[in-house]
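Student: Quick one: the structure is below, questions incoming.
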Amino acid sequence: MNTKTLSRGDVAPNSVSRRGFLAGAAAASFVLGFTIPPRMSAAAQGATAEVNAWVVIHPDDSIQIRIARAEMGQGSLTGLAQLVAEELECDWSKVGFDLVSPNENLKRGKIWRDMSTGGSRAIRGSQEYVRTAGAAARSMLVQAAAQGWGVKPEECTVAKGIITHAASKRSTTYGAVAAAANKIAPPAQVQLKDPKTWTIAGHPLKRLDTRDKLNGSLVYGMDIRMPGMLVAIPKACPVHGGKLKSFDAAAVSKMRGVKHVLRVDDETVAVVADTFWRAKTALDALPVVWDEGDNAKVSSETIAAKLREGLAAETNFVGNKTGDAKVVLAKASRIIEADYSFPYQNHAPMEVMSATIRWTPERCEMWGPTQVAEAALEAVAAASGLPIESCVVHPMRIGGSFGRRLVTDYVRMAVLIAKQIPDVPVKMMWTREEDMVQGRFHPVTQCRMRAALDQAGNIEALHMRISGQSIMAYMRPSVMTANGDPIAFQGLMPGGAEMAIGYTFPNLLIDHAMYNPHVRPGAWRGVNLNQNAVYLECFVDELAHATGQDPLAFRRKLMANHPKHLAVLEAAAKGIGWDSKPAAGIYRGLAQVMGFGSYVAAAAEVSVTKGRLRIHRIVAATDPGHVVNPQQIEAQIAGSFVYGLSAMLYGECTVKGGRIEQENFDSYNVMRLDEMPEVKVITVPSGGFWGGVGEPTIAVAAPAVLNAVFAATGKRVRNLPLKNIDLGTS
């Protein structure tokens, strides 16, 4: 799988014009989803040809669409292929896919643009240029056919990969003209279709990656097998920030199958053996001494105490401010106040952290799952001690990630291990326990909500103080500003296309007191939108009930200036039958938020019998602007409720002696099938923008249910998870 420098199509990184993008797209063909060799002549490659960087057509008219974003179960692979195929006007039944290597993206001047997959951006962040690529390929194919016939391209039509010249009654296929199209200069401009005319995109087509999952042929990163491969199992100091003091390699080095016992870095040791089980058995028996440091004194209680201090501390980190909420609150005759909290959460993907590395003094290759292929390539280069041109990353499908593989710590670790065993493929795998305790956790926060009410029950002022950990201070300190963490206020911003608040208050202050414990945080699916939605939506519900108003009617008054927020809330309320009386023993709750460019709302129906909660039904409404695959949106939203409700019911990582206590699924529970409510999805795409669907609805799952729990019990749940709460009625 050697790669060579391409002779054509090189464009300087981050400086790709539309014409430059299209011109550079006509240079190569894709092999095995891993590497793209240099352009070959049509004779050398038969009739198979790359039309442009996104489209390869084979002699049998089958089409490979190249996908540069990571597929981890969310379905973006199929959605992106639909967008390309729509503009290409091909036969969907003949479409397949290949995964792009970050090496080739780098060599070809980042022709595939951004390869990172997070923030629900896979489709919305690339829809314009992948559609452009499909339209350009169609234009080139039609022009190739027209030149062969000696007619004008505009006299030709195309449908399902068949090009027709009606006047002469001639037709041909994409496969027949692909090689000729490869030689045609791409158009400077293309006209993209109106989404109203879509026949492939916008429709609930089956996913392209389902069959290989069902028949077992799909190889995830942790499934890799290679001749002579060894398996490495690492263990780092269980107290984040602690050090590896010493270990007794001799105690396990003669155990069956053990090949090496290695110091990986200042805090990690690893056992390398011929099988996973032998490596794990030896690692479990290895005598290790840790220097846990002062962080061993930290507990959930000490963290919570520091966060409580932040609820009243001075801070300059302001996310949203209108008027002077503090002055109004100081003079108010009636104040409603409540404190909330949200615990650490673990990503807990089914596929643990893994990567397979082969290191030699000349070359380093990685096979493995990552959400950030380009960052993984940089991590490989840095850890290997080799120039980036001598390193290769082969991205693989991911068995769940939820934001965990946005961090490349496991990639670095795998390279450091393999570097000590030259020219041998080494598959590094974490145990489930290591995966749990060495996670990058959803940050712990508390929030104090204070509202001033007038005699008519209107909100005069609202102060929302968030106290807690910053994700960006750890993950990307370079993006921190004088106003703190730029993503701390997700869903609460005064405006913008991403995370705008859905209410108008005459006086508003939303600020953040930052405190960063030693536990390493990360971007957990939905990120800060999750707790921010719980805090605001549950407190708004509190205010509605405190003033004797219907929660929907109360929100309507606050949302007059936010029609898109209101539209999804109204749709969810209508879907649940808000204006009709529910069945006996059934109670309802609402929530709405804007996140990741989409407007979402949920309405829930629950019952609480003898303190036992049952969630019967959730109606979700979402406006993502455009819908690429309705079936996949429904699956995404249902899946997001599993994630959000699992966190609400059970999700909690606690700290004792500086360590995360939850080491496996016996202590970090998730929803079971019999707990899952019926989910009804309502999509109300209003057009004009592109929003994400993988994360936003997670945020409304918990507050909608919690508000329904209050309606059922008269008790406010302000501290999650629910497993710690007695729901016996008041």
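Student: Across the Cα atoms of the stretch 250-317, what radius of gyration and what greatest pairwise Cα-Cα distance (Dmax) are found, in Å?
Tutor: Cα only, the stretch 250-317: 20.2, 59 Å (Rg, Dmax).
Student: Could you list which residues have their amide H under 5 Å from that of L99, counting only those 5 or more apart in sequence or on another chain, with H placed in the peptide plane?
Tutor: G33, I67
Student: Also, quick follow-up: Taking the Cα centre of the stretch 376-449 as origin, work out the dipole magnitude from +1 charges on Lys and Arg Cβ and -1 charges on Asp and Glu Cβ, in debye rounded to 20. Each step should come with its number before you reach the end.
Tutor: Values: 9 positive and 7 negative charges, 65 e Å.
The dipole magnitude comes to about 320 debye.
Student: How many angstrom lie between the Cα centre of the stretch 297-342 and the Cα centre of the stretch 60-97?
Tutor: 48 Å
Student: On to the next question. Among A573, M493, A546, which residue has its Cα furthest toward the positive end of the charge dipole of the chain, with +1 on Lys/Arg Cβ and -1 on Asp/Glu Cβ?
Tutor: Highest projection toward the positive end goes to A573.
Student: Please report the antiparallel percentage of the DSSP beta bridges confined to the chain, to the nearest 5. Let's see the in-between values first.
Tutor: Working: 87 of 116 bridges.
Percent antiparallel among DSSP bridges in the chain is about 75.
Student: Can you tell me the accessible area per residue over the chain, all protein chains present, probe 1.4 angstrom, in square angstrom?
Tutor: Accessible surface, normalised per residue, equals 38 Å².
Student: Can you tell me what percent of all Cα-Cα pairs in the stretch 663-730 are more than 20 Å apart?
Tutor: Tail fraction, whole percent: 50.
Student: Next question, about the same structure. What are the ³J(HN,Hα) values, in whole Hz, obtained from phi via the Karplus relation 6.51 cos²θ - 1.76 cosθ + 1.60 with θ = phi - 60°, for each residue of the stretch 588-601 in sequence order, with x given for Gly and Pro?
Tutor: With coefficients 6.51, -1.76 and 1.60, one gets 10, x, 10, 6, 8, 6, 10, x, 6, x, 10, 9, 9, 8 Hz.
Student: Quick check: net charge around L283, other residues with Cβ under 11 Å of its Cβ, Lys/Arg +1 and Asp/Glu -1?
Tutor: 0
Student: If one computes the Cα centroid of the stretch 172-204 and of the stretch 436-509, what distance in Å separates the two points?
Tutor: If we compute the Cα centre of each part, the gap is 44 Å.
Student: Please report how far the C-alpha centroid of the stretch 520-561 lies from that of the stretch 612-674, rounded to the nearest whole angstrom.
Tutor: Their Cα centres are 18 Å away from one another.
Student: Can you send over the solvent-accessible area of T713, 1.4 Å probe, protein chains only, in Å² to the nearest 10?
Tutor: Surface accessible to solvent at T713 totals approximately 10 Å².
Student: Give the carbon-plus-sulfur fraction of the accessible surface of the chain in %, rounded to a whole number; probe 1.4 Å, heavy atoms of protein chains only. Mind showing how you got there, number by number?
Tutor: Working: 14640 of 28020 Å².
The value for the chain is 52 percent carbon and sulfur by accessible area.
Student: In square angstrom, rounded to the nearest 10, how much accessible surface does D666 have for a 1.4 Å probe?
Tutor: 140 Å²
Student: Sticking with the crude label model, points 7 Å out along Cα→Cβ, report the distance from D579 to Q549 in nm, one decimal please.
Tutor: So the two model labels end up 1.9 nm from each other.
Student: Sticking with this one: Once you have all Cα-Cα distances for the stretch 98-251, histogram them in 10 Å bins from zero and send the whole-percent values.
Tutor: In whole percents, the pair-distance histogram is 7, 21, 26, 20, 11, 7, 5, 2, 0.
Student: Work out the length of the dipole vector of the chain about its Cα centre, built from +1 on the beta-carbon of each Lys and Arg and -1 on the beta-carbon of each Asp and Glu, and round it to the nearest 20 debye. Don't skip to the end; give the middle numbers.
Tutor: Numbers: 79 positive and 68 negative charges, 130 e Å.
Charge dipole of the chain: 620 debye, to the nearest 20.
Student: Distance from a point 7 Å along Cα→Cβ of N724 to each backbone N in the stretch 335-374: keep the residues under 20 Å and list them by number.
Tutor: Counting only backbone N, you get 338-348.
Student: Modelled label-to-label distance, R170 and N458, 7 Å Cα→beta-carbon offset: nm?
Tutor: A separation of 7.5 nm, rounded to one decimal place.
Student: Treating each Cα of the stretch 70-132 as an identical point scatterer and ignoring solvent, apply the Debye formula and state log10 I(q)/I(0) at q = 0.19, 0.25 Å⁻¹.
Tutor: -0.78, -1.23
Student: Considering only the other residues whose Cβ falls under 14 Å of the Cβ of G118, what net charge follows from Lys and Arg at +1 and Asp and Glu at -1?
Tutor: It works out to a net charge of +3.
Student: Using a 1.4 angstrom probe on the protein heavy atoms only, could you order E542, E89, E678 from most to least accessible area?
Tutor: The residues order as E678, E89, E542, largest area first.
Student: Something else: Return the FRET efficiency for the residue pair N516, E362: r is the Cβ-Cβ distance, R0 is 30 Å, and the value is rounded to the nearest 0.05.
Tutor: Efficiency at R0 = 30 Å is approximately 0.15.
Student: In nm, what is the difference between 0.36 nm times the number of residues separating Q191 and D284 and their Cα-Cα distance? Numbers along the way, then the final one.
Tutor: On the way: separation 93, 0.36 × 93 = 33.48 nm, distance 6.14 nm.
Stretched out fully, the Q191 to D284 stretch lengthens by 27.3 nm.
Student: Can you compute 3J(HN,Hα) from phi for each residue in the stretch 362-367, using the Karplus curve 6.51 cos²θ - 1.76 cosθ + 1.60 with θ = phi - 60°, rounded to whole Hz and x for Gly and Pro?
Tutor: 9, 7, 9, 10, 10, 10
Student: What per residue convex hull volume, in Å³, do the alpha-carbon atoms of the stretch 319-454 yield?
Tutor: Here the figure is 157 Å³ per residue.
Student: Within the stretch 411-434, list the residues whose amide N lies under 19 Å from a label point set 7 Å along Cα→Cβ of S253.
Tutor: Answer for the stretch 411-434: 417-422.
Student: Sticking with this one: Using every alpha carbon pair in the stretch 418-539, what percent of pairs falls into each 10 Å bin from 0 up to the bin containing the largest distance?
Tutor: Histogramming the stretch 418-539 at 10 Å steps yields 11, 35, 26, 14, 8, 4, 1, 0 percent.
Student: Run the dipole for the stretch 223-266 about the Cα centre, Lys and Arg Cβ at +1, Asp and Glu Cβ at -1, nothing else charged, and hand back the magnitude in debye, nearest 20.
Tutor: 160 debye
Student: Let me ask you something else. Net charge around A591, counting only other residues with Cβ within less than 12 Å of its Cβ (Lys, Arg = +1; Asp, Glu = -1)?
Tutor: Once all neighbours under 12 Å are counted, the net charge is 0.
Student: Within the set K331/K574; K297/K723; K193/K574, which residue pairs have Cα atoms separated by over 31 Å?
Tutor: On the way: K331/K574 39 Å; K297/K723 26 Å; K193/K574 33 Å.
With Cα atoms farther than 31 Å apart: K331/K574; K193/K574.
Student: List the lysines whose alpha-carbon lies under 24 Å from that of K254, not counting same-chain residues fewer than 8 positions away?
Tutor: Partners within reach: K235, K245, K280, K419, K427.
Student: Based on the Cα gyration tensor of the chain, what are the three equivalent ellipsoid semi-axes, each the root of five times an eigenvalue, rounded to whole Å and given largest first?
Tutor: Semi-axes from the Cα gyration tensor: 45, 36, 22 Å.
Student: Would you calculate the separation in nanometres between label points at M226 and M676, each defined as 7 Å from the Cα along the Cα-to-beta-carbon direction?
Tutor: Taking the two extended label points, one gets 3.7 nm.
Student: Continuing with this model, one more query. At a Förster radius of 30 Å, what calculated FRET efficiency corresponds to the Cβ-Cβ distance of K206 and F665, to the nearest 0.05?
Tutor: Efficiency for this residue pair is about 0.45.
The values are calculated or read from the model by the stated rules, or taken from the named source; none is laboratory data. Since the model is a prediction, treat every value here as computed from it, not as a measurement. Because the Cβ atoms are built from the backbone with ideal geometry, glycine has one as well, and the counts that use them run over all protein chains shown. These area figures cover heavy atoms from the full protein model, side chains too; ligands, DNA and RNA do not enter into them. Shrake-Rupley method; radii C 1.70, N 1.55, O 1.52, S 1.80 Å.
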